[in-house]
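> Shown below is the structure under consideration.
The values are calculated or read from the model by the stated rules, or taken from the named source; none is laboratory data. Please read all numbers here as calculations on a predicted model, not as lab measurements. Here Cβ is always computed from backbone atoms with ideal geometry, including for glycine, and neighbour counts include all displayed protein chains.
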Amino acid sequence: MLKIAIADDQVLLREMLKMVLSSDNEFEIAGLAGDGEEILDICRRNKPDIVLLDIKMPFKDGFFALDSIKNEMPDIKVIMLTTFGDERNVLEAYKKGANGYVLKDIKPELLIKTIKCVSEGLFIMQDEIAGLVRKRIKLPAAKKTIEHEAYEQFYDKYGLDAVDRKIVRLLTDGKSNKEIGEAINYSEGSVKNRISRILDATGLKDRTQIAVFALQNNII
């Protein structure tokens, strides 16, 4: 039996995660927390095997919790479960000892598989997250291309992640929401919501403007 603790500042999300994971008879929920300090207390008391940890939380964030857990209780494995798929957060989590990094859009059955794989000693991340790490390994800071610099600046300025970038690339190729969803294994509704978020973040008005903006700024 694997003891799982969950930290997320959204009550509904952590309760839904509890329901999903409780459906597997190999899991036992060791506690739910709304911030980094609270999950650290749960880890000290209940000694879970694995923690699902959000990054952005009030009071003390996920990086505080990750750092503290790994320093005090290194045997506890930590999977970052977050909406933030940008290079900065991925590398920070990796440096601080995270055992996995997945986005909240992950399907429930894949999350369950991720937890089981991490419990067996594997480091797990989704393809789009792994792509960021590969680019960092292959591209020394002193030799970054103009395209890569533009890509990082785009992330920093608008706060969009690796999934958003993939959607922009497919959108620029003329793909419909349905086709984009099939390509990245997301529902059509999730793709629509993502595109709306991209429009809100960039101040652009429609899909055509996104495509033009992406081409002009070398972010595809």
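> Take the residues in region 198-213 that are closer than 17 Å to Phe84 by Cβ and modelled with pLDDT of 85 or more; name whichever of them is surrounded by the most Cβ atoms within 10 Å (Cβ to Cβ).
Ile198
> Test Ile42 against the stated conditions and say whether it is of a type in the set (Val, Ile, Thr), surrounded by 17 or more Cβ atoms within 10 Å (Cβ to Cβ) and over 17 Å from the mean Cα position of the chain (by Cα). Break it down into steps so the answer makes sense when it comes.
Values: of a type in the set (Val, Ile, Thr): yes; surrounded by 17 or more Cβ atoms within 10 Å (Cβ to Cβ): yes; over 17 Å from the mean Cα position of the chain (by Cα): yes.
So Ile42 passes the test.
> Of Ile106, Ile124, Ile79, Ile129, which residue is within 17 Å of Ile4 (Cα to Cα) and either among the small types (Gly, Ala, Ser) or under 11 Å from the mean Cα position of the chain (by Cα) (or both)?
Ile79
> May I pose another question? Cβ-Cβ under 6 Å, sequence separation 6+ or interchain: first residue in region 104-125 and assigned to a helix (DSSP H, G or I), partner surrounded by fewer than 17 Cβ atoms within 10 Å (Cβ to Cβ). Which pairs?
Pro108/Val20; Ile112/Asp24
> Also, I was wondering about something else. Scan region 36-53 and tell me whether some residue there is in contact with a helix residue (DSSP H, G or I) (Cβ under 9 Å, 6 or more places away or on another chain), more than 21 Å from Gly121 (Cα to Cα), free of Cβ contacts under 8 Å to residues at least 24 places away in the same chain and among the small types (Gly, Ala, Ser).
no
> In the set Lys113, Lys104, which member is under 23 Å from Leu160 (Cα atoms) and out of contact with any Gly (no Cβ under 7 Å at 6 or more places or on another chain)?
Working: Lys113 fails: under 23 Å from Leu160 (Cα atoms).
When all the criteria are applied, what remains is Lys104.
> For region 172-184, name all the residues that are assigned to a loop (DSSP other than H, G, I, E, B) and either surrounded by 15 or more Cβ atoms within 10 Å (Cβ to Cβ) or in contact with a Gly (Cβ under 9 Å, 6 or more places away or on another chain) (or both). Full working, then the answer.
Keep residues of region 172-184 that are assigned to a loop (DSSP other than H, G, I, E, B), which gives 173-176.
Lys175 - this is the single residue of region 172-184 that is assigned to a loop (DSSP other than H, G, I, E, B) and either surrounded by 15 or more Cβ atoms within 10 Å (Cβ to Cβ) or in contact with a Gly (Cβ under 9 Å, 6 or more places away or on another chain) (or both).
> Test each condition in (1) in a helix (DSSP H, G or I); (2) modelled with pLDDT of 85 or more; (3) within 18 Å of the chain's Cα centre (by Cα); (4) not aliphatic (A, V, I, L, M) for Asp164 and report the one that comes out false.
The number of the failed condition is (2).
> Would you call Ala7 within 14 Å of Asn99 (Cα to Cα), within 21 Å of the chain's Cα centre (by Cα), crowded, with 19+ Cβ neighbours inside 10 Å and not β-branched (Val, Ile, Thr)? Write out each step before concluding.
On the way: within 14 Å of Asn99 (Cα to Cα): no; within 21 Å of the chain's Cα centre (by Cα): yes; crowded, with 19+ Cβ neighbours inside 10 Å: yes; not β-branched (Val, Ile, Thr): yes.
So Ala7 does not fit the description; no.
> What tally of residues in region 68-81 results from selecting those that are within 22 Å of Asp161 (Cβ to Cβ) and out of contact with any helix residue (DSSP H, G or I) (no Cβ under 7 Å at 6 or more places or on another chain)?
Of all residues in region 68-81, those within 22 Å of Asp161 (Cβ to Cβ) come to 78-81.
Imposing the further condition that a residue be out of contact with any helix residue (DSSP H, G or I) (no Cβ under 7 Å at 6 or more places or on another chain) reduces the set to 81.
The number of residues fulfilling the criteria is 1.
> Does Val51 meet the test of being surrounded by fewer than 17 Cβ atoms within 10 Å (Cβ to Cβ) and of a type in the set (A, V, I, L, M, F, W, C)?
So Val51 fails the test.
> May I ask you to verify whether Lys70 is part of a loop (DSSP other than H, G, I, E, B) and either surrounded by fewer than 21 Cβ atoms within 10 Å (Cβ to Cβ) or in contact with a Pro (Cβ under 9 Å, 6 or more places away or on another chain) (or both)? Walk me through it before giving the result.
Working: part of a loop (DSSP other than H, G, I, E, B): no; either surrounded by fewer than 21 Cβ atoms within 10 Å (Cβ to Cβ) or in contact with a Pro (Cβ under 9 Å, 6 or more places away or on another chain) (or both): yes.
So Lys70 does not fit the description; no.
Condition check ((1) part of a helix (DSSP H, G or I); (2) in contact with a Pro (Cβ under 9 Å, 6 or more places away or on another chain); (3) at pLDDT below 85; (4) over 29 Å from Tyr94 (Cβ atoms)) across all residues:
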site: Ala142; (1), (2), (3), (4): yes, no, yes, no
site: Glu149; (1), (2), (3), (4): yes, no, yes, no
site: Leu170; (1), (2), (3), (4): yes, no, no, no
site: Tyr186; (1), (2), (3), (4): no, no, no, no
site: Ser190; (1), (2), (3), (4): yes, no, no, no
site: Asn193; (1), (2), (3), (4): yes, no, no, no
site: Ile219; (1), (2), (3), (4): no, no, yes, no
